[in-house]
Amino acid sequence: MSSKTARAKAPAYRCAECGWSTVKWVGRCGECQAWGTVEEAGAVVSRTTPAAAVAKPAQRIADVDASTAAFQATGIGELDRVLGGGLVPGAVILLAGEPGVGKSTLLLDVAARVAGLARDVLYITGEESAAQVKLRAERISAVADSLYLTAESDLGIALGQIEKTDPSLLIVDSVQTLSSSAVEGSAGGVTQVREVAASLINAAKTRNMTTILVGHVTKDGSIAGPRLLEHLVDVVCQFEGDRHSRLRLLRAIKNRYGPTDEVGCFDLTEEGIEGLADPSGLFMSTAAEPVSGTCITVTMEGRRPLLAEVQALLAETSNAQPRRATSGLDSSRVAMMMAVLQRRAAMSLHKDDSYVATVGGVKLTEPATDLATALAIASAKSNKPLPKGLIAFGEVGLAGEVRPVPGIGRRIQEAERLGFTHAVVPSSHGGPGQVPKGFRVKEVGTVAEALDLLFGAGTASPS
């Protein structure tokens, strides 16, 4: 046997995630570093696909009827905002999120609203019984005559239900629970998820049927299953939220029909889930008078400005190593702000335990919240509240400088709309832009300058 023949018959192994191949089995893919995804695929054989008969000839782009791909509103404004205008016929949407975050509740509400428009909707559940879903639907008032429900985990039967019902909207909860008898592997495995997704996507494109697939997430928050699944679908959405908070955020990671920088806000209650057109009230305390250690900031979630409150509490300690606790903020950035205050503003913080948190369970990751964090800590240290009606935002560098951030004008407009009267913002070449009438803006270049402005000269001296 020649060496060429031996190489042709040698088994090959291929990663189910990214397609990387190797001549021997390994536990970890050498390309995408995923574990347990390398499977035997046989020898790599070069093939040439012959041309097939064309059933439908190509047409000029000017002759294509674009009305069939028009957006159809769901009745939930926040969802339509993220999707770019609503549901598109034939589109396949992947909705991922942690267990218990409210994916099923949101989609059941969507299904009932679409069914209320005299359009047939098929809801396939593989994780719950039909009776359990019916109880939830009654609790959130999501019962409609055109909403069909089936509890099924076999792909073949699910496709048969689609043939019989012929829905305009299909919801599968979740794609990891369906399995096909035509391929090997257990439900949720790489091979099964790929087969199930391919079959459902083919049915959606053939029938011009909008399809929403619910997906699980891994421990690190990424979407479970092969990455190929994200490339096959048209829209990938992430549903996020703290289990102990009512706020839920919907983000579009991928969207072929609209922007990916929009964020939808929802309020999850016992009666169901509803969109929040103005969620800033959830992120601020209701104290009538200003309290020391608090500062309001404006953060950008996609293209939407949201007001949030940063709170700080300092307590003198006799321990050699003070405690540093944070909630809703990046602990490393909070530690950096404290170091900047000590070094650049001469503020003594090494004998104090510090507790810095946000209100309402919101997570602030944008660097623009640095200035508000620094001012909240300084206010807690001096026991002096910041002026009422004040907002502050800006990125703080290690040299103590306050750097410009995007969307200064948009942040100021949102603060003025909610009743705030003045702001401390970074100085920039273009300035803050058009400022609303009666709204006062003070530009600062350093943290020390902001402290002197708000607390008076000498505040930054060692305590």
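Tabulated values for the structure
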item	result
Estimated distance in nm for a label pair at ALA182 and ALA62, the labels positioned 7 Å out from Cα along Cα-to-Cβ	4.1 nm
Theoretical FRET efficiency, 1/(1+(r/R0)^6), r = Cβ-Cβ of ARG343 and THR269, R0 56 Å, to 0.05	0.75
Theoretical FRET efficiency, 1/(1+(r/R0)^6), r = Cβ-Cβ of LYS442 and SER327, R0 51 Å, to 0.05	0.95
Area accessible to solvent at VAL233, 1.4 Å probe radius, in Å²	0 Å²
Sparsely packed chymotrypsin sites (Phe, Trp or Tyr not before Pro) within the range 18-123, loop by DSSP, other Cβ within 10 Å at most 13	TRP25
Hypothetical label at THR260: residues of the range 77-92 whose amide nitrogen lies under 17 Å (7 Å Cα-Cβ projection)	82-85, 92
Ranked packing of 361-374, 249-262, 179-192, most packed first, by mean Cβ within 10 Å	361-374, 249-262, 179-192
Antiparallel bridges, percent of DSSP beta bridges restricted to the chain (to nearest 5)	50 percent
Förster radius 25 Å - calculated FRET efficiency between THR150 and GLU230, Cβ distance, rounded to 0.05	0.40
Anchor LYS103: lysines whose Cα lies under 21 Å away (excluding residues fewer than 8 positions away in-chain)	LYS134, LYS219, LYS254, LYS363
Where labels lie 7 Å past Cα in the beta-carbon direction, separation of ALA70 and LEU418 in nm	3.7 nm
Phi-based couplings in Hz for the range 246-257 (Karplus 6.51, -1.76, 1.60; Gly and Pro marked x)	7, 6, 10, 10, 10, 10, 9, 7, 9, 8, 7, 10
About the Cα centre, charge dipole magnitude for the chain (Lys/Arg +1, Asp/Glu -1 at Cβ), debye	1200 debye
Sequence ranges 209-216, 143-150, 88-95, ranked by mean other-Cβ count within 10 angstrom, highest first	209-216, 88-95, 143-150
Label-zone membership for the range 179-216, site LYS164, 7 angstrom Cα→C-beta point, backbone N under 11 Å	none
Restricting the range 312-348 to trypsin sites (Lys or Arg not before Pro) in coil, as DSSP defines it, with at most 13 other Cβ within 10 Å	ARG323
Between the range 187-201 and the range 145-178, the Cα center-to-center distance that results, in Å	15 Å
Additional length obtainable on full extension of the chain from SER285 to ASN202, 0.36 nm per residue less Cα span	24.9 nm
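The values are calculated or read from the model by the stated rules, or taken from the named source; none is laboratory data. The structure displayed is predicted, hence computed values, not measured ones. Neighbour counts are summed over all protein chains in view; Cβ atoms, including those assigned to glycine, are modelled from backbone coordinates with ideal geometry. Note: areas computed on protein heavy atoms with side chains; ligands, DNA, RNA excluded. Shrake-Rupley method; radii C 1.70, N 1.55, O 1.52, S 1.80 Å.
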